[in-house]
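One structure is given here, and the rest of the page talks about it.
The values are calculated or read from the model by the stated rules, or taken from the named source; none is laboratory data. The model shown is predicted, which means the values in this text are computed figures rather than measured ones. Using ideal geometry, Cβ is built from the backbone for each residue, glycine included, and neighbour counts are taken over all protein chains shown. We work out accessible area using only protein heavy atoms, side chains counted, and drop any ligands, DNA or RNA first. Shrake-Rupley method; radii C 1.70, N 1.55, O 1.52, S 1.80 Å.
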Amino acid sequence: MIARRHLHVAGIVQGVGFRPFVYRLASRLRLAGWVLNATAGVEIEVEGRTEDLDQFVQLLATGHPPFAHIEETVVTALALVGETSFQIRESSEQKTHFVLVSPDLATCDDCLRELNDPANRRFGYPFINCTNCGPRYTILRDIPYDRPQTSMSVFPMCPACQVEYDNPADRRFHAQPNACPDCGPALTFAGDATQPEDAIAAAQALLAAGGVLALKALGGFQLACDAENEGAVRQLRNAKHRGDKPFAVMARDLAAVEQYGVLTGADRATLTNVRRPIVLIPRRPESTLAPSVAPGTATLGVMLPCTPLHHLLFRDAPFRLLVMSSGNISEEPIVTNNEEARRHLSGVATGFLLHNREIEMRVDDSVVRNVAGHTRVLRRARGYAPLPIDLGAECEEVLACGAGQKNTLCLTKGHYALLSQHIGDLSNCETLEFFNETLARMRRLFHADPRIVAHDLHPDYLSTRFALSLEGVERIGVQHHHAHIVSCMAEHRLSGPVIGVAFDGTGLGTDGHVWGGEFLVSDLTAFERRAHLRYIPLAGGDQAIREPWRAALSYLDDAIPQQDLSFWNPAPQSTVALIRTMRQRRINTVQTSSCGRLFDAVASIIGLRHHASYEGQAAIELEAAAAPDMEERYAFTVQPGSPLQLDMRPAIAAITADLRRGESTANISARFHNTVAAAIVDICVRIRADAGLNRVCLSGGTFQNVYLLSRVDAALRRSGFAVFLHARIPPNDGGIALGQAVIANRIWQTRQRNERYL
Ligand code: ZN
Ligand code: ZN
Ligand code: FE
């Protein structure tokens, strides 16, 4: 029997070789009809024998290209048309719908082979790509994903490229960024060079001589130097005003990575996958890495070449490992165009590797870590954004503005949350501009015009101020730690209630104090604060975050008042006295339950770090110091009340006693971590007994600490809890926007429902 069917396929089905796949499949099954990219996905009509049609539908689901991701296929029966061939039709656009956009994909093996084949016409061509690889999100101006809507529109294809593009049997069939040396973008080198005619050779010579190279990569500029040349690394660090914050490196290949770090099978798979993130791995202490790459840490952030340009940079090069840092100064956003690069980076870079393809979307490198059987995203950017998070239910259009640090923004549309790439710390106008530019682009790409805007309660976050400046919108304020927990719930599609443990550095509470060691009972609209770290008074606002010794002083005065602190010498006596006076008189002093400050305090008390040059440094070094095989812990108490208060004074007192006995930093750190883990379990058990809840969500930047996370996770499971951790969404403030979006949605929907009954 002959029949005709229409298929609507939604998901990531554009820019991933989906239409050629459909074409080949239909041709193989001798079906007539057509396929086209529509704004809402891919539309297909097929006509032929019913058994072939059934097979078509089945193979569509199981045999599609690796990077396509089908969310939904709707099949409807149609009347016969009587076509005899199968065609790929021009795209159609429906303004009301939207399509999911593919992230950028690392160079595939086929392209890599051609890149290295002297007989191939793209030998050594830095912009080689095909339907299985290459730029996507970073070159896209609008949808549907077709060449005229990308920054490839100014490069008309040469006849040879056009033939590939038009041939359904070719790997480059409808590969939108298809290009070759005759028709595509080209590299140039600017700077002192002896071989300026070969841009790659000039860049390699500069790097080999210890220079700093600014290179125009996929989502922005990167700053590179030889990671084994201490002088070069230090020069880069100073010029970037970088403090001690670790640099990520790019290694020539896996074998090179193994020389510097210890890899698991999961790490190898993550390093070589199509997203090519920076992977945090344990570092080999004996490696030849320059000390200034990542001072004071036990880990190394490493990635492999992700674009043809990076592959070429390492080809026949004298170096194996390059520092590969975002092309920016200090906390400014990553630079994307040649002019900007020369203006902002000329004080840092001694040479520029440039090209003439515009970067439409600023996207930084992603950072992940493999923990407890999953790849956990810590910074979600290239290769991940803008993958959708399926919320499992229809949403209102909401814009969530995110937090102040590690900002991302989030749009909801259909049943998806679309979380932006990492934007950064909203501490200057440049980053705010990046926020605005990302919002404008995402609104256009996803055809969104949100009238509901969610924001943090902190009035001074630039993201909050932005939300408050919008007119004609409904604004919904969301508490920071509630947003953390709901971001974890959304990732696991939980609607609650759950026990939420939100541990981080800073978030404004509903009582006006600075929260950060919080136990919530949470659902998608509201939360109850069941327990928290006991408040300590902290003097000095943001200064206290840069000076961990101030938190230590508060904890010491709280735990062992009037005792001899001669073992601890972080600052001149006069400064210590001044801070005490400020605190007593409540000058610039807050009450805080921050877990970040607790870690700061312990790091300072044991003499590890009194001053931090980047966020989280003290906690990172405290984790790095912890002895691996240690089960002991200190005491803590839980003060009754509502909420309960987790009192760490016994632990602080025990730490000082250990110090006087000459106990090692490694053992003290391990015991401290174990104490925090045990306290979390203890309080969760109490909440379970009271509220009858068994599901625990762990969120907040503190859970980037792998030593703590793995112990808490294991201990909670041993106690019979169902534990939910982040994987696709960062546990840090990069996930806040998602939580805000989901909460605002649910609050709005509940309000609408109630109004209907009024
Ligand atoms: Zn390819
Ligand atoms: Zn060409
Ligand atoms: Fe936070």
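Per-structure values
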{"read-out": "Number of positions in region 156-178 that are within 13 Å of ligand 1 (Cβ to nearest atom) and not in a loop (DSSP other than H, G, I, E, B)", "value": "1"}
{"read-out": "Among residues of region 461-503, those that are assigned to a strand (DSSP E or B) and touching a residue at least 24 places away in the same chain (Cβ under 8 Å), counted", "value": "9"}
{"read-out": "Residues of region 88-116 classified as part of a loop (DSSP other than H, G, I, E, B), open to solvent by 60 Å² or more (accessible area, probe 1.4 Å) and either in contact with a strand residue (DSSP E or B) (Cβ under 9 Å, 6 or more places away or on another chain) or at pLDDT 95 or above (or both), total", "value": "6"}
{"read-out": "Unmet requirement for ALA635, which otherwise passes all of (1) at pLDDT below 95; (2) open to solvent by 40 Å² or more (accessible area, probe 1.4 Å)", "value": "(1)"}
{"read-out": "Selected residue (only one of ALA551, ALA544 is modelled with pLDDT under 95 and crowded, with 23+ Cβ neighbours inside 10 Å)", "value": "ALA544"}
{"read-out": "Members of region 33-69 found to be part of a strand (DSSP E or B) and either open to solvent by 40 Å² or more (accessible area, probe 1.4 Å) or not assigned by TED's automatic domain parsing to the domain that holds ALA10 (or both), listed by number", "value": "ARG49, HIS69"}
{"read-out": "Subset tally (residues that are open to solvent by 40 Å² or more (accessible area, probe 1.4 Å) and on the phi > 0 side of the Ramachandran plot) for region 126-164", "value": "0"}
{"read-out": "Breaking point among (1) in a helix (DSSP H, G or I); (2) open to solvent by less than 20 Å² (accessible area, probe 1.4 Å); (3) closer than 18 Å to SER593 by Cα; (4) of a type in the set (A, V, I, L, M, F, W, C), for ILE655", "value": "(3)"}
{"read-out": "Within region 733-758, considering residues that are of a type in the set (Val, Ile, Thr) and either within 16 Å of ligand 2 (Cβ to nearest atom) or open to solvent by 10 Å² or more (accessible area, probe 1.4 Å) (or both), the one nearest to the chain's Cα centre (by Cα)", "value": "VAL742"}
{"read-out": "Hey, CYS108 of a type outside the set (A, V, I, L, M) and within 16 Å of ligand 2 (Cβ to nearest atom) or not", "value": "no"}
{"read-out": "Count of region 202-238 residues which are over 19 Å from ALA341 (Cβ atoms), more than 26 Å from the chain's Cα centre (by Cα) and in a loop (DSSP other than H, G, I, E, B)", "value": "4"}
{"read-out": "Some residue of region 31-53 being touching an Asp or Glu at 6+ places or on another chain (Cβ under 6 Å) and either touching a residue at least 60 places away in the same chain (Cβ under 8 Å) or within 16 Å of ligand 3 (Cβ to nearest atom) (or both)", "value": "yes"}
{"read-out": "Region 149-171, residues that are more than 30 Å from the chain's Cα centre (by Cα) and within 22 Å of HIS310 (Cβ to Cβ)", "value": "PHE155, ARG171"}
{"read-out": "Residues (closer than 20 Å to HIS458 by Cβ and part of a loop (DSSP other than H, G, I, E, B)) located in region 521-577", "value": "ALA526, TYR535, GLY540, GLY541"}
{"read-out": "Scan of region 491-519 for residues that are within 30 Å of ASN588 (Cβ to Cβ) and open to solvent by less than 10 Å² (accessible area, probe 1.4 Å), ordered by number", "value": "VAL501, ALA502, PHE503, ASP504, GLY507, GLY509, TRP515, GLY516, GLY517, GLU518, PHE519"}
{"read-out": "Hits in region 323-351 - residues which are open to solvent by 20 Å² or more (accessible area, probe 1.4 Å) and in contact with a Lys or Arg (Cβ under 8 Å, 6 or more places away or on another chain)", "value": "ILE329, SER330, ASN338"}
{"read-out": "Verdict on ASP629 being within 17 Å of TRP515 (Cα to Cα) and among the acidic types (Asp, Glu)", "value": "no"}
{"read-out": "Conditions (1) within 29 Å of SER366 (Cβ to Cβ); (2) out of contact with any helix residue (DSSP H, G or I) (no Cβ under 8 Å at 6 or more places or on another chain); (3) open to solvent by less than 20 Å² (accessible area, probe 1.4 Å); (4) not in a loop (DSSP other than H, G, I, E, B): number failed by PRO730", "value": "(4)"}
{"read-out": "Test: ALA670 is in contact (Cβ under 8 Å) with a residue 12 or more places away in the chain, out of contact with any strand residue (DSSP E or B) (no Cβ under 8 Å at 6 or more places or on another chain), in the same structural domain as GLY596 (by TED's automatic domain parsing) and open to solvent by 20 Å² or more (accessible area, probe 1.4 Å)", "value": "no"}
{"read-out": "Some residue of region 615-627 being among the β-branched types (Val, Ile, Thr) and more than 24 Å from ASP733 (Cα to Cα)", "value": "no"}
{"read-out": "Test result for GLU72, in the same structural domain as LEU7 (by TED's automatic domain parsing) and touching a Gly at 6+ places or on another chain (Cβ under 6 Å)", "value": "no"}
{"read-out": "So ARG172, is it of a type in the set (D, E, K, R), in contact (Cβ under 8 Å) with a residue 24 or more places away in the chain, within 13 Å of ligand 2 (Cβ to nearest atom) and buried (at least 16 other Cβ atoms within 10 Å of the Cβ)", "value": "yes"}
